[in-house]
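Remarks on the structure that follows.
The values are calculated or read from the model by the stated rules, or taken from the named source; none is laboratory data. Just so you know, these numbers come straight off a predicted model, no measurement behind them. Because the Cβ atoms are built from the backbone with ideal geometry, glycine has one as well, and the counts that use them run over all protein chains shown. For accessibility, only protein heavy atoms count, side chains too; no ligands or nucleic acids. Shrake-Rupley method; radii C 1.70, N 1.55, O 1.52, S 1.80 Å.
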Amino acid sequence: MNVLIKSATIIDPESEFHNTTQDILIEKGVVARIGNNLKNPGNYKEIQFNNLHISQGWFDSSVSFGEPGYEERETITNGLNTAALSGFTVIALNADTNPIIDTNADIAFVLSKAKDNAVTLLPIGALTSNSNGTHLAELFDMKSAGAVAFYDYKKSVSNPNLMKIALQYASNFDGLVCSFPLDQDISRNGVMNEHVASTKLGLKGNPALAEELQVSRDLFLLEYTGGKLHIPTISTARSVALIKEAKAKKLDVSCSVAIHNLCFTDVALSDFNTNFKVQPPLRTQKDISALIDGLKDGTIDMVTSDHSPIDIEEKKLEFDRANYGTIGLESAYGALQTVLSTEKCVEVLTRGKSRFGVQPVPIAIGNTLNATLFNPDVTYVFEKGDISSKSKNAIFEGAQLKGRVYGIFSNNKLVLKK
């Protein structure tokens with residue numbers, strides 16, 4: 001595809017054009033020229049937007065759709081289009097479908113549905129068969145079929161010996177094992193953070209200890225076994241400290257944080273809005289401050305929207321009975337920019353790729369262009385009209401956000417908002 005991007009401010013520390021405003025000429029998906037006042041050499045499509053910024057394409061390490069089995073929540077096709085309109089050129093797809101993605105045939109199916117899309121889909125296979133925590137799934141077969149990691153989405157592996165074996169086995173083929181940080185015996189039926197707010201609201205609490213015990217256990221197992229461990233969506237200050245200590249020991253561990261856990265405290269649940277019922281739960285301001293510091297110093301490797309479409313019938317219930325989860329792709333960038341600078345936002349949205357096997361490609365002459373186009377300065381209230389997902393369970397509905405996405409150029413395809 002041939003495109004001329006006009007007057008774009010490049011945000012890419014790996015590029016010699018970082019923090020400069022340039023025209024970018026793309027021919028057949030490759031950057032042919034970068035400079036000022038470039039002429040259109042033919043009938044190339046021209047892209048020109050107000051306050052246009054461009055960076056390397058963004059990555060989301062935890063996205064759920066629904067297909068197969070829950071197409072009413074979201075399909076792969078519409079989900080990938082939503083990801084593109086939200087600025088993501090690469091997403092890692094969770095295994096929480098029906099059936100669970102736990103065989104090489106399941107991996108092949110989701111890859112076939114995402115073929116020739118502008119957004120690259122990286123499938124995550126279940127760690128255990130049917131994500132039931134009893135027996136390991138077909139890890140090597142799924143890796144051979146294209147799985148980039150193994151994760152029982154939002155389900156912790158309570159058996160420490162099974163986690164030990166998973167780390168040992170996966171290390172034979174450089175497999176990435178993910179472990180959700182939740183000790184179910186401690187959390188029990190807690191539906192929100194155990195703190196002052198849960199007492200006031202009369203809701204069962206899920207203490208920070210439930211996360212921190214699991215993180216501590218898994219880090220001990222990693223130190224014993226070796227291998228590669230990813231801890232998705234941490235939410236407490238102590239978890240940040242534990243992972244920082246582990247990295248100081250040179251353990252091969254990474255972690256992520258959900259963007260909504262950087263923006264809201266447990267006080268937000270005061271009106272029992274079930275869109276705020278998420279797992280891990282919203283914590284305290286002290287935790288938020290530690291999470292943001294962890295992002296800035298690199299202890300936390302990446303952010304995620306933790307996009308989880310849920311049927312309206314499973315959200316419009318009493319708080320105790322409602323399902324966990326929120327969609328987050330569409331609001332991810334605008335929400336993140338309310339707590340981080342533009343450059344830091346771009347950094348944390350791009351730096352997790354290599355952990356999942358995708359090497360970053362700088363914006364440079366001769367390189368294939370994989371990029372996100374956005375305006376970092378516009379502020380607005382996020383409303384239902386901003387949602388492209390089939391499900392509408394958005395935690396950020398009604399929130400003031402900063403920064404809008406124009407679209408992406410990836411896999412020699414251009415996707416722009418209308």
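What the table shows:
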read-out	value
All positions within region 298-314 that are part of a loop (DSSP other than H, G, I, E, B), touching a strand residue (DSSP E or B) at 6+ places or on another chain (Cβ under 9 Å) and either more than 16 Å from Cys255 (Cβ to Cβ) or open to solvent by less than 30 Å² (accessible area, probe 1.4 Å) (or both)	Thr299, Ile300, Ser305, Asp306, Ser308, Pro309, Ile310
Filtered residues of region 355-389 (kept if buried (at least 19 other Cβ atoms within 10 Å of the Cβ), part of a loop (DSSP other than H, G, I, E, B) and not aliphatic (A, V, I, L, M))	Asn370, Phe382, Ser389
Residue that is out of contact with any Cys (no Cβ under 7 Å at 6 or more places or on another chain), buried (at least 21 other Cβ atoms within 10 Å of the Cβ) and within 20 Å of Arg238 (Cβ to Cβ), where the choices are Pro160, Pro181	Pro181
Qualifying residue in region 315-327 (condition: modelled with pLDDT of 95 or more, open to solvent by 10 Å² or more (accessible area, probe 1.4 Å), farther than 26 Å from Met192 by Cβ and not hydroxyl-bearing (Ser, Thr, Tyr))	no
Yes/no for Glu383 being acidic (Asp, Glu), modelled with pLDDT of 95 or more and closer than 23 Å to Thr233 by Cα	no
Residue list for region 219-241, restricted to those being out of contact with any strand residue (DSSP E or B) (no Cβ under 6 Å at 6 or more places or on another chain) and assigned to a helix (DSSP H, G or I)	Leu219, Phe220, Leu221, Glu223, Tyr224, Thr225, Ala237, Arg238, Ser239, Val240, Ala241
Among residues of region 173-204, those that are farther than 20 Å from Pro123 by Cβ and assigned to a helix (DSSP H, G or I), counted	10
Segments classed as strands (runs of 3 or more DSSP E), wholly inside region 1-74, with at least 1 members that are open to solvent by 50 Å² or more (accessible area, probe 1.4 Å)	3-11, 21-27, 30-35, 45-47
Sole exception among (1) open to solvent by less than 70 Å² (accessible area, probe 1.4 Å); (2) under 25 Å from Glu318 (Cβ atoms) for Val196, by number	(1)
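Quick grid of which residues meet (1) part of a helix (DSSP H, G or I); (2) among the polar types (S, T, N, Q); (3) crowded, with 20+ Cβ neighbours inside 10 Å; (4) over 18 Å from the mean Cα position of the chain (by Cα):
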| position | (1), (2), (3), (4) |
| --- | --- |
| Ile243 | yes, no, yes, yes |
| Val257 | no, no, yes, no |
| Leu269 | yes, no, yes, yes |
| Val278 | no, no, yes, no |
| Pro281 | no, no, yes, no |
| Ser289 | yes, yes, no, yes |
| Asp293 | yes, no, no, yes |
| Lys296 | yes, no, no, no |
